[in-house]
């Protein structure tokens with residue numbers, strides 16, 4: 001099977017190309033950057049370039065994007081061009097080439113303001129039925145690109161699956177206060193409770209979505225590590241996350257104490273992956289329980305694929321204020 005992966009030099013793109021090659025697929029990688037996983041160097045905004053790359057293609061996994069860390073270094077126009085116009089170019093080329101399906105890699109950031117409940121309210125239960133209220137140009141353009149995918153299915157019959165992935169990057173957190181308060185791995189392990197995903201699980205979700213898209217037609221799915229929390233935990237999570245985690249994982253405090261780690265005082269949202277499991281047959285392997293067991297044994301908490309791909313960063317240069325500058329949205 002011939003599969004095109006856009007954004008092939010990025011975290012997800014490289015993970016997809018590596019995995020699909022191992023499974024003996026004919027993989028074509030598109031990216032602005034040269035890499036061992038990039039077959040054709042060019043922009044998804046270039047319609048002629050995209051059309052030429054998609055000829056004879058069976059499936060497209062569209063992962064090329066400008067990310068949140070680019071908000072302080074790229075214009076809003078650049079976000080519109082790459083995330084919206086680039087997605088339109090991919091969809092039009094896919095339709096013209098007769099591909100069987102397109103998988104669009106989106107983000108839980110598209111939920112926007114829905115992720116932050118008001119003070120005194122329970123933590124937000126975030127599934128596919130939650131209304132998106134984007135808070136910045138990143139969220140706006142990703143949501144618009146999702147809507148283009150839905151439009152192409154409803155108006156032209158092109159099967160499209162949208163995956164709203166939670167964070168799977170290995171880079172340091174963009175919040176300097178959190179970086180100061182917590183060890184980096186401590187932060188990431190905490191996040192497996194509610195908003196983190198291992199790269200290998202993200203790759204599996206995209207490949208399953210590609211396989212099932214023709215039968216599904218169109219769907220949006222939250223893709224995040226399976227959270228142990230249930231709706232009954234949401235109120236207490238806002239003010240006493242350690243107490244909830246202690247009840248569910250009595251051994252976690254010992255593991256944390258050995259490393260001088262801390263649990264977050266409160267958690268404001270829970271990403272719910274039930275629909276992705278039910279309809280895509282996706283079974284994420286890395287969750288908080290898995291990570292705790294790895295820590296106790298002294299094993300690496302990251303999958304071999306995540307470790308192999310490693311850290312890429314989002315910019316070609318470094319910044320004094322941290323791993324990358326951040327535009328603080330209101």
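The values are calculated or read from the model by the stated rules, or taken from the named source; none is laboratory data. These numbers come from a predicted model, not from an experiment. For neighbour counting, all protein chains shown are included, and Cβ atoms are generated from backbone atoms with ideal geometry for every residue, glycine included.
Details
- Residues of segment 147-191 classified as in contact with a helix residue (DSSP H, G or I) (Cβ under 6 Å, 6 or more places away or on another chain), free of Cβ contacts under 8 Å to residues at least 40 places away in the same chain and over 26 Å from residue 286 (Cβ atoms), total: 0
- Going through (1) under 14 Å from the mean Cα position of the chain (by Cα); (2) free of Cβ contacts under 8 Å to residues at least 60 places away in the same chain; (3) within 29 Å of residue 235 (Cα to Cα) one by one, residue 118 falls short only on (1).
- For segment 51-85, a tally of residues being more than 23 Å from residue 205 (Cα to Cα) and touching a residue at least 60 places away in the same chain (Cβ under 8 Å) returns 8.
- Residue that is nearest to the chain's Cα centre (by Cα), among those in segment 25-64 that are more than 26 Å from residue 81 (Cβ to Cβ) and loosely packed, with under 15 Cβ neighbours inside 10 Å: 36
- Exactly one residue out of 269, 212 is touching a residue at least 12 places away in the same chain (Cβ under 8 Å), in contact with a helix residue (DSSP H, G or I) (Cβ under 7 Å, 6 or more places away or on another chain), closer than 25 Å to residue 121 by Cβ and surrounded by 17 or more Cβ atoms within 10 Å (Cβ to Cβ): that is 269.
- Inter-residue pairs, beta-carbon under 8 Å, first touching a residue at least 60 places away in the same chain (Cβ under 8 Å) and on the phi > 0 side of the Ramachandran plot and in segment 300-311, second surrounded by 11 or more Cβ atoms within 10 Å (Cβ to Cβ) and outside any helix (DSSP H, G or I), 6+ apart: 310/170
- The residues of segment 110-125 that are in contact with a helix residue (DSSP H, G or I) (Cβ under 7 Å, 6 or more places away or on another chain) and closer than 27 Å to residue 74 by Cβ, listed by number, are 110, 112.
- All of 135, 164, 154 fail the test of being at pLDDT below 95 and either surrounded by 22 or more Cβ atoms within 10 Å (Cβ to Cβ) or touching a strand residue (DSSP E or B) at 6+ places or on another chain (Cβ under 8 Å) (or both), apart from 135.
- Number of the exception - residue 302 against (1) closer than 25 Å to residue 135 by Cβ; (2) modelled with pLDDT of 95 or more; (3) surrounded by 15 or more Cβ atoms within 10 Å (Cβ to Cβ): (1)
- Residues in segment 2-24 that are surrounded by fewer than 17 Cβ atoms within 10 Å (Cβ to Cβ), in contact with a strand residue (DSSP E or B) (Cβ under 7 Å, 6 or more places away or on another chain) and not in a helix (DSSP H, G or I): 2 only.
- Qualifying positions in segment 25-36 - touching a helix residue (DSSP H, G or I) at 6+ places or on another chain (Cβ under 7 Å) and either assigned to a helix (DSSP H, G or I) or within 15 Å of residue 67 (Cβ to Cβ) (or both): 31
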